[in-house]
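A.B. asks: Structure in structure tokens, see below.
Values in this text are rule-based calculations from the coordinates and carry no lab data. Note that the structure is predicted; figures quoted are calculated from it, not measured. Every residue, glycine among them, receives a Cβ derived from its backbone with ideal geometry; neighbour counts consider all protein chains shown.
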């Protein structure tokens, strides 16, 4: 599945009308709102509200991945933060899906494009190899996009880069 097709398919909100999640959508058109502040590759704050992207998991800020080239590392966490920061500078809306155990608002968030449309941020991060699909939450919605990223060897999946998934990395760090 190519990026244009993937984004076209995923651009629509799939929240069922009348569900509690469908009742809450945050929009970010008010110029008086504080600028979004990126916390890590899949989490950001706008004012007092912390959002985490639904259905994906991005590398933690300090996650680095070894490479075939001695002494060189892929700074996966920093790369994910940089891309998320670019997207949230043009944040359009977030459709709330849940609130997680840490009190973060779990949402499908959309960024305005130069062409005037909105794209969902989470699957784009997966397509760039800077996040993974989390089927326990997404129902595997982004699984094929992840397969495409792996086959195209981008981001964490690049040739000569050896990244743990973010969940594996966190388990290793915990000891």
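A.B. asks: Going 7 Å from the Cα of residue 75 along its beta-carbon direction, which residues of region 92-134 have the amide nitrogen within less than 19 Å of the resulting point?
C.D. replies: Only 129-131 fall inside the zone, counting backbone N under 19 Å.
A.B. asks: Hey, another quick one. Relative to the longest principal Cα axis of the chain, at what angle does helix 143-152 sit, 0 to 90 degrees, rounded to 10?
C.D. replies: 40 degrees
A.B. asks: Arrange the following residues from fewest to most other Cβ atoms within 10 Å of their Cβ: 161, 39. Provide the component values of the computation, followed by the final result.
C.D. replies: Details: 161 20, 39 16.
Fewest-to-most Cβ neighbours within 10 Å comes out as 39, 161.
A.B. asks: Fewest first, what order do 78, 62 take by the number of other Cβ atoms within 10 Å? Before the final figure, lay out the partial values.
C.D. replies: Working: 78 15, 62 12.
Lowest to highest Cβ neighbour count: 62, 78.
A.B. asks: Now for a different question. In degrees, nearest 10, range 0 to 90: what is the angle between the Cα axis of helix 76-88 and the longest Cα principal axis of the chain?
C.D. replies: Between helix and principal axis, roughly 20 degrees.
A.B. asks: Additional query: Starting at 0 and stepping by 10 Å, how many percent of the alpha carbon pairs of region 3-174 end up in each bin?
C.D. replies: Percent of pairs per bin, in order: 10, 39, 36, 13, 2, 0.
A.B. asks: Another question, if that's okay. Do the sum for the chain: with -39,500 (n - 2.57) for every DSSP H run of n ≥ 4, divided by all residues, what is the mean residue ellipticity at 222 nm, to the nearest 500 deg cm²/dmol? Mind dumping the intermediate values first?
C.D. replies: Working: 6 runs with 51 residues, N = 175.
So the helix-based figure for the chain works out to -8000 deg cm²/dmol.
A.B. asks: So how do 67, 111 line up by other beta-carbon neighbours within 10 Å, fewest first?
C.D. replies: Values: 67 16, 111 20.
So the residues, fewest neighbours to most, are 67, 111.
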